[in-house]
1. In terms of Cα to Cα distance under 20 Å, which aspartates and glutamates are near enough to residue 44, apart from those fewer than 8 places away along the same chain?
2. Considering only C-alpha atoms, what is the centroid distance from the range 68-124 to the range 228-244, in Å?
3. Which order do the peptides 270-279, 122-131 come out in when sorted by mean C-beta neighbours inside 10 angstrom, highest first?
4. Which order do 256, 188 fall in if you start with the one that has the fewest other Cβ atoms within 10 Å?
5. Report, in deg cm²/dmol and to the nearest 500, the calculated mean residue ellipticity at 222 nm for the chain, where each DSSP H run with n ≥ 4 adds -39500 (n - 2.57) and the sum is divided by the residue count.
6. Residue by residue, what Karplus-based ³J(HN,Hα) values in Hz, rounded to whole numbers, does the range 22-39 have, using 6.51, -1.76 and 1.60 with θ = phi - 60° and x for Gly and Pro?
7. Per 0.36 nm of contour for each residue apart, how much would the distance between residue 204 and residue 183 grow if the chain were fully extended, relative to their Cα-Cα spacing?
8. Rounded to the nearest 0.05, what FRET efficiency do residue 33 and residue 56 give with R0 = 22 Å and r taken as the Cβ-Cβ distance? Could you check?
Amino acid sequence: MLSVEELNDRLIDLAFAEDIGDGDHTTLCCIPAEEQGESLLLVKEEGIIAGVEIAKQVFHRFDPELKVEIFIPDGSHVKPGDIVMSVKGSVRSLLQTERLMLNIMQRMSGIATMTHRYQQALIDAGTKTRVLDTRKTTPGMRMLEKEAVKIGGGMNHRIGLFDMILLKDNHIDFCGGVHNAISRAKAYCREKGKNLKIECEVRNWQELDEALAEGCDRIMFDNFTPEDTRRAVEIVAGRCETESSGGITFDTMLPYAKAGVDFISFGALTHSVKGLDMSFKAAGSDKLKVK
């Protein structure tokens, strides 16, 4: 299995291939090969910065001679006018890495900002509920997007299909019920020698009773009302972790958290996020001033 860094390197290589093709002819036609310069990453919108470390990987993957100086690390609160980093070296390299770095950092920072907003609201309301992401991520960018969720204060539900067993409605229906699904999952783990957590989605009280009788690490309440969620949490009574899922939004999440669930998962953190506004400008440029 590839490491996170190796996966990121593959993503970076593919992104440069689709962007640069047989050459950045705009840059090549007007910038001498020996030209040296400096560019600064300017924040233009308040939020949580994320992607600084992967940005360094982008720069060094393209041109190991680029010198990156970080002023504001990942996870920091930023405001318009803040300078996150300085990058010095070949002007051609600065121009050719600009868009990929911005695409990654703007998206990661948007995810971190949104996650922070959700998690902080749950904390301010006096709950202990944690925000979870989902697998509803941009193909190829999952590792980056899930890292952004952690930077924003949330938790990763699972990385992929390989690091946890999540028995959802289709699995349960194809298996012939919750009892069959959980028992088969446990038998599989024993047979394969795998120590995987097992989570089971339940849609009604009968499925909840079956899941508790069979035993699993976490039960997901799918499309329960806040009132039913409170009752379900009381029935579980700490025998396993609990999670709420299914169309829950920032505006509707507090009643679920106050019902006592351990986690609430939000697909919106990665599939409906707005990037944080920032730009990469030549040092000394008038456009470094935020209006």
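None of the figures in this text is laboratory data; all of them are computed from the coordinates on show. In this text the structure is predicted, and so the values were computed from the model without any measurement. With ideal geometry, Cβ positions are generated from the backbone for all residues, glycine too; neighbour counts draw on all protein chains shown.
1. Qualifying aspartates and glutamates at Cα under 20 Å: 53, 69, 74, 82, 98, 277, 286.
2. 38
3. Working: 270-279: 18.4, 122-131: 16.1.
Per-residue mean Cβ counts within 10 Å order the peptides as 270-279, 122-131.
4. Working: 256 26, 188 13.
Ranking 256, 188 by Cβ neighbours within 10 Å, fewest first, gives 188, 256.
5. Values: 11 runs with 131 residues, N = 291.
Helices in the chain give a 222 nm mean residue ellipticity of -14000 deg cm²/dmol.
6. 3J(HN,Hα) across the range 22-39, in whole Hz: 8, x, 7, 5, 4, 5, 5, 7, 10, 10, x, 4, 8, 5, 10, x, 9, 10.
7. Values: separation 21, 0.36 × 21 = 7.56 nm, distance 1.90 nm.
This chain segment gains 5.7 nm when fully extended.
8. Numbers: r = 24 Å, r/R0 = 1.07.
Working from the Cβ atoms, E equals 0.40.
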